[in-house]
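First the structure, in the form of structure tokens, and then the observations on it.
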Amino acid sequence: MTLADLERRQVLSLGEVEAAADAAALEQLRIKYLGRHGEVPAIIKGMKDVPQNERPEFGKSVQAWRAALEAAMVARAGAFAGEAKSDAEAFDCTLPGRWPQPGAKHPVSRVIEETAAIFARLGFIVADGPDIETRFNNFTALNTPAHHPSMDASDTLWLNDDLLLRTQTSPVQIRMMTRHMPPVRIITPGRTYRRDTTDATHSANFHQIEGLYVDTRPVSLADLKSTLAYYASAMMGAKAGVRFRPHFFPFTEPSVEVDFSCHVCGGKGCRVCKMSGWIEIAGAGMVDPRVYEHVNSARGDRAYDPDSVYGYAFGFGVERIAMIKYGIPDIRWLYENDTRFLSQLA
Ligand code: DAH
């Protein structure tokens, strides 16, 4: 036994005395530690094995431990004396009970896992990319010109001239295509960052799920729509439908914004969909030939020749889906770690 062991025993034993529930438990502890065959006498007996030079200090420590134990036991016994009520008297049935508090999966994780499972049925695998990205992957290869506002320091968290906290999960498209031959069929969930001021619908850190399907066989906008329609019904309920609205993204052509029909009113119009019957969910489109050219130049071959590959991409916010699906009015609730909120989703 070393001095450190001794210290540990001391802390442990004093904790036990402190926690003793009644006089009987205290007596058990007295026997365990100070009784004739207790730990303290046993350690004193074993002191001949302690190296000579350590013995004086060791001895002092054991004596101090014994004194501390005795004092703690006297104090604990005193506490019991004042509580000499019967169990029936001591039990206050008006106090709220303590129930077990099982955890629940976080809504953001839940949406990511459900989405991955739904797309797995369609042959999509999950790909991953880093939160810190290069200018090339996050912007240049995605055909986003230098004058685009999303590249501005007021919108993007730059680490230096070339590295940034990714503003979208789209750069994983570039990573996948530069490393893999077509066909590529992935979804990629992850964190994204923007220089946003937090309010009920904005957060500087949020999550997106990106999808990419590129093949050497024709892939069309109709495939994109049927895929997202399948996702909508699997995620939001069998009746959920999708609609496409023309839009612009630098890395898709044509580009669309994707709405899901409102799962609350079924499209009739209600508070959730702001009376429109539709809820804006995703950006999407056919991969722009310029993206393939950037990928080819990074690869040094023409595996993604725009004349012979076809592909679509889409991207949406995870928090948004979670908020819509579970009726959460404020994005901040998702990050406050308040069990009163999280336990409702168990
Ligand atoms: N990255 C876009 C954004 O953050 C969303 C997006 C739009 C992703 C269109 C796509 C896409 O893959 O094709 O706003």
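The values are calculated or read from the model by the stated rules, or taken from the named source; none is laboratory data. Note that the structure is a prediction, hence the values are computed from the model and not measured. Here the Cβ is made from the backbone with ideal geometry for all residues, glycine too, and neighbour counts use every protein chain on show. Heavy atoms of the whole protein, side chains included, go into the accessibility calculation; ligands, DNA and RNA do not. Shrake-Rupley method; radii C 1.70, N 1.55, O 1.52, S 1.80 Å.
Quick one: net charge around Arg55, please, counting Lys, Arg +1 and Asp, Glu -1 for every other residue with C-beta under 14 Å from its C-beta.
Details: positive: Lys45, Lys48, Lys60; negative: Asp49, Glu54, Glu57.
Here the charged neighbours net out to 0.
What does the C-alpha gyration tensor say about the overall shape of the stretch 107-345? Classify as rounded when a/c is under 1.5, otherwise prolate if a/b is larger than b/c, or oblate.
oblate
Per the 1.4 Å probe, what fraction of the accessible area of the stretch 3-90, in percent, lies on carbon and sulfur atoms? Mind showing how you got there, number by number?
Details: 3270 of 5780 Å².
Heavy-atom surface of the stretch 3-90 belonging to carbon and sulfur, 1.4 Å probe: 57 percent.
Over the stretch 3-90, what is the relative contact order in whole percent, taking alpha-carbon pairs under 8 Å and six or more residues apart? Don't skip to the end; give the middle numbers.
Numbers: 46 pairs, mean separation 32.2, N = 88.
This gives 37 percent for the stretch 3-90.
Round to the nearest 0.05 the FRET efficiency obtained for Leu3 and Ala81 when R0 = 56 Å and r is the Cβ-Cβ distance.
On the way: r = 36 Å, r/R0 = 0.63.
Approximately 0.95, to the nearest 0.05.
Give me the percent of accessible area attributable to carbon and sulfur for the stretch 119-173, probe 1.4 angstrom. Let's see the in-between values first.
Numbers: 1490 of 2530 Å².
Reported share for carbon and sulfur atoms: 59 percent.
Considering only C-alpha atoms, what is the centroid distance from the stretch 140-165 to the stretch 285-345, in Å?
Using only Cα atoms to place each centre, the spacing works out to 18 Å.
Give the shape of the stretch 1-143 as rounded, prolate or oblate, defined through the alpha-carbon gyration tensor: a ≥ b ≥ c are the square roots of its eigenvalues, a/c under 1.5 means rounded, and otherwise the shape is prolate if a/b is larger than b/c and oblate if not.
Working: a/c = 4.29, a/b = 1.85, b/c = 2.32.
Oblate shape, in that a/c is at least 1.5 and b/c is the bigger or equal ratio.
Could you tell me the calculated FRET efficiency between Arg302 and Leu163, based on Cβ-Cβ distance and R0 = 25 angstrom, to the nearest 0.05?
On the way: r = 29 Å, r/R0 = 1.14.
Using R0 = 25 Å, I get an efficiency of 0.30.
Rounded to the nearest 5, what % of DSSP beta bridges with both residues in the chain are antiparallel? Mind showing how you got there, number by number?
Working: 42 of 44 bridges.
The antiparallel fraction comes to roughly 95 percent.
Within the stretch 30-83, which trypsin sites (Lys or Arg not before Pro) sit in a loop by DSSP and count at most 13 neighbouring Cβ atoms inside 10 Å? Working shown, then result.
On the way: sites: Arg30, Lys32, Arg36, Lys45, Lys48, Lys60, Arg66, Arg76; in loops: Arg36.
Those that pass, being in a loop and sparsely packed, are Arg36.
Amide H to amide H under 5 Å from Phe139: which residues, 5+ apart in sequence or cross-chain, H placed 1.01 Å off N in plane?
Correct list: empty.
Going through the stretch 209-310, which chymotrypsin sites (Phe, Trp or Tyr not before Pro) have at most 10 other Cβ atoms within 10 Å and a DSSP loop state? It would help to have the intermediate numbers written out before the result.
Values: sites: Tyr213, Tyr230, Tyr231, Phe244, Phe248, Phe251, Phe260, Trp278, Tyr292, Tyr304, Tyr310; in loops: Phe251, Tyr304.
In loop regions of the stretch 209-310 (DSSP not H, G, I, E or B), there are no sparsely surrounded chymotrypsin sites (Phe, Trp or Tyr not before Pro).
Quickly work out the Ala67-to-Asp223 label distance, labels modelled 7 Å from Cα along the C-beta direction, and quote it in nm with one decimal.
Placing both labels 7 Å along Cα→Cβ, they lie 8.3 nm apart.
Where only protein heavy atoms count, and the probe is 1.4 Å, what is the accessible area per residue for the stretch 282-345 in Å²?
Details: 2940 Å² over 64 residues.
Using a 1.4 Å probe on heavy atoms only, each residue of the stretch 282-345 averages 46 Å².
Each label point is 7 Å from the Cα along the Cα-to-Cβ direction; what then is the distance between the points at Leu122 and Thr198, in nm?
Distance between the two pseudo-spin positions: 3.3 nm.
Find the relative contact order for the chain and round it to a whole percent, using C-alpha pairs within less than 8 Å whose residues are 6+ positions apart. Before the final figure, lay out each step's value.
Details: 518 pairs, mean separation 51.6, N = 346.
Rounded, it is 15 percent for the chain.
Do any of Lys225/Lys268; Lys225/Lys274; Lys105/Lys225; Lys105/Lys325 go past 20 Å between their Cα atoms, and which? Let's see the in-between values first.
On the way: Lys225/Lys268 22 Å; Lys225/Lys274 24 Å; Lys105/Lys225 30 Å; Lys105/Lys325 15 Å.
Cα-Cα > 20 Å for Lys225/Lys268; Lys225/Lys274; Lys105/Lys225; rest within.
What accessible area per residue, rounded to a whole number of Å², is obtained for the stretch 3-90 using a probe radius of 1.4 Å? Please report the intermediate quantities before stating the final value.
Working: 5780 Å² over 88 residues.
Accessible area per residue, the stretch 3-90: 66 Å².
Just the number, please: carbon plus sulfur as a percent of the accessible area of the stretch 263-346, 1.4 Å probe, no ligands or DNA/RNA counted. The partial results should precede the final answer.
On the way: 2150 of 4370 Å².
C and S atoms contribute 49 percent here.
Per the helix-only calculation at 222 nm, which mean residue ellipticity applies to the chain, given -39500 (n - 2.57) for every DSSP H run of n ≥ 4 and division by its residues, nearest 500 deg cm²/dmol? Intermediate results must be reported in sequence, preceding the final value.
Working: 12 runs with 134 residues, N = 346.
Calculated from helices alone, the mean residue ellipticity at 222 nm is -12000 deg cm²/dmol.
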